[in-house]
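Contents: one structure, followed by commentary.
The values are calculated or read from the model by the stated rules, or taken from the named source; none is laboratory data. Here the structure is a predicted model, which means the values were calculated and not measured. When we count neighbours, we look across all protein chains shown, and the Cβ atoms used for this are built from the backbone with ideal geometry, even at glycine. Keep in mind that these areas ignore ligands, DNA and RNA; they rest on the heavy atoms of the full protein, side chains included. Shrake-Rupley method; radii C 1.70, N 1.55, O 1.52, S 1.80 Å.
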Amino acid sequence: MNGLVNLKARLERSMFTKYPGITGAKAAGLLKEHGYNELPSAKPKNIWRIALEVIKEPMFILLISCGALYMILGDYNEGIILLCWVFVIIFITFYQHRKTERSLEALRQLSSPRALVIRDGQEIRIAGREVVPDDILVLNEGDRVPADALVLESANLTLDEALLTGESVPVIKTAGENEQNKIFSGTLVVQGNGIAKVFSTGIHTQFGKIGTSLQSIEKTQTQLQSEMKRLIRNLFFGGAVVSVGVMAAFYFTRGDFLQAALNGLAAAMALLPEEFPVVLTIFLALGAWRLSKNKVLTRSPSAIETLGSATVLCADKTGTITQNKMEVAGLFYRNKIFQKQEFLRDQKEIGDFIRVLFYASQTNSIDPMEKAIHSAYKKFDFRDEMPLFVKDYPLSKEVFAMTRVVQLNNEKTRIACCKGSPEALFKLCKLSEADIAPYLDRVHQFAEKGYRVIAAATSVLPQTDLPEDQEDFRFSFMGLVGFEDPIREEVPRAIKECNEAGIKVIMITGDYPATAKSIADQIGLVDDGMVLTGSDLHTMTADAKPYDDESARHSRQR
């Protein structure tokens, strides 16, 4: 045990010698120069700013004007009641805004990652917002990458980049200077570990650029706001005409100018709908409250109106329509295909295959594919004890496969369980082209359904020294596994409700058209024969009608 501790200490010292990191003083200077590693957020509004925004609305100006006129005319009761409603509306607006801001702030603090960096030759854990350019990051499984960085060293470093790309398939990162070996802020390490050097933080990261672009969006008035302004303008001119007419009639018949003016103002006020601001504010607040019950936060009440008038809904596939996680969907074993609905029924036939996949996976992995294998294994009634782990052969850039050697209880032999890309396992199993052909057909068949396909193999080993590389094992090919990103349970019902409400739903995805069609059929998307590729959208003009574009019809598969 002491030998292992000393070995670990020597390895850590050598790492700190090779990557000493920056000094604390330099980090403080870079933090002052580049600012905190965070996205700019809107400053919280105080009650006076909220009150000013409320009062600037034409309907509230109308309400205040009505109250002031009642006070001038001497009807203090009506004037005070109207002005009190202004404060009620300000309170409702302020309460709703503060409730949303508190929830968003709690989410920001919850999602703020911690970072393990090397500074002054030592590993220290700091807040993600304090990471600066030139920092050396130490990344382990389960870490959230705090900034854009270049990988310096990698040991099976695999990242989930779905936050940026929308794709749930993890990406392997190796050391190097090219674009593919860069890691980006907000992505998640799902397997392995590595060391990386930060080159961008804050708004200069790829994630930050997206946030900055969103700030450039110009806010326009909603249709309701425009119509209300037009109504108030018309009522103002109409009230002015009526007021002048009443004043003129009263003055020429009675001769009292003061009474004529008061009567004219009273007639104009009778035409003004002072209840409108109160009713609209309460209705929008109720809408925001109902959305919050469905875990949707609303910053601006006008969003309620926009949501209610939507006619087209564009939804991303990964993470929105699907669950953004892997699930074992199909197996090809002993020349037979097994779908996930048949797993429990055919447990005796596929039990050995599931065991090999489970033994070839890490025990407490957060990799989506390995989590799916663990989930499938738990559904089976396996009563055997956990095997003894012997040795691990990790995934590498040269061999896209990983092998774990285990020893079963009460058995003298050991088993090498391997999983990886079909091509890699064909090579490891030394299969001929004739042997590979039927497996390739199944790979294409799974791929057409949108599955991610891997293969599995096993080798029985005697109680001898293990080889240095997994290429030296004598593997026997077992079969293929297809993974899918399952549909969210509530999506088909939501699609049906949108169709019944007259809202057209469009699915946006980077998958192949055949995969998109498969997902669309599962969720009940209305089939209009329309599929547009990226090149179609690139060549399309702003005024083009895709349904009438004959050239686009040739690429429509769904």
* To do: Might you let me know whether region 33-50 holds any residue that is at pLDDT 65 or above, among the small types (G, A, S), surrounded by 15 or more Cβ atoms within 10 Å (Cβ to Cβ) and at negative phi?
  => no
* **Enumeration of residues in region 98-130 that are modelled with pLDDT under 65 and outside any helix (DSSP H, G or I)** => S112
* Would a scan of region 182-191 turn up a residue that is open to solvent by less than 10 Å² (accessible area, probe 1.4 Å) and either in contact (Cβ under 8 Å) with a residue 60 or more places away in the chain or more than 25 Å from T318 (Cα to Cα) (or both)? -> yes
* To do: Enumerate the pairs (first residue in region 136-155 and closer than 16 Å to E177 by Cα; second residue anywhere and assigned to a strand (DSSP E or B) and charged (D, E, K, R)) with beta-carbon separation below 6 Å, excluding pairs fewer than 6 apart on the same chain, so at least 6 apart or on different chains.
  => I136/K197; A149/K197; L150/K182; L150/K197; L152/K197
* Among (1) open to solvent by 60 Å² or more (accessible area, probe 1.4 Å); (2) among the hydroxyl-bearing types (S, T, Y); (3) farther than 29 Å from Q407 by Cα, which single condition is T322 missing? -> (1)
* Asked: How many residues, within region 328-360, are modelled with pLDDT under 90 and within 21 Å of V189 (Cα to Cα)?
  -> 0
* Working carefully through the options A155, A149, A162, A196, find the one that is within 29 Å of R452 (Cα to Cα) and touching a Ser or Thr at 6+ places or on another chain (Cβ under 7 Å). => A162
* Complete set of residues in region 272-290 that are open to solvent by less than 40 Å² (accessible area, probe 1.4 Å) and either at pLDDT 70 or above or within 25 Å of R102 (Cβ to Cβ) (or both) -> T281, A285, G287, A288
* Asked: Across region 394-429, what is the number of residues that are among the basic types (K, R) and closer than 19 Å to I373 by Cα?
  -> 2
* Structure fact -> The number of residues in region 428-456 that are without any contact (Cβ under 8 Å) to a residue 40 or more places away in the chain, under 30 Å from T413 (Cα atoms) and surrounded by 13 or more Cβ atoms within 10 Å (Cβ to Cβ) is 3
* Tell me which residues, restricted to region 459-506, are in contact with a Lys or Arg (Cβ under 9 Å, 6 or more places away or on another chain), open to solvent by less than 30 Å² (accessible area, probe 1.4 Å) and assigned to a loop (DSSP other than H, G, I, E, B). => F475, D485, P486
* Asked: Could we say that E78 is in a strand (DSSP E or B), open to solvent by 60 Å² or more (accessible area, probe 1.4 Å) and modelled with pLDDT of 70 or more here?
  -> no
* **Subset of region 363-398 [modelled with pLDDT under 85 and closer than 25 Å to E167 by Cα]** => T363, N364, S365, I366, D367, P368, P394, L395, S396, K397, E398
* Structure fact -> The number of residues in region 409-425 that are of a type outside the set (S, T, Y), out of contact with any Leu (no Cβ under 8 Å at 6 or more places or on another chain), open to solvent by 10 Å² or more (accessible area, probe 1.4 Å) and in contact (Cβ under 8 Å) with a residue 12 or more places away in the chain is 3
* Structure fact -> Residue set L159, L164; condition open to solvent by 20 Å² or more (accessible area, probe 1.4 Å) and either under 26 Å from G35 (Cα atoms) or part of a strand (DSSP E or B) (or both); output residue L164
* Could we say that K391 is on the phi < 0 side of the Ramachandran plot and basic (K, R) here? -> yes
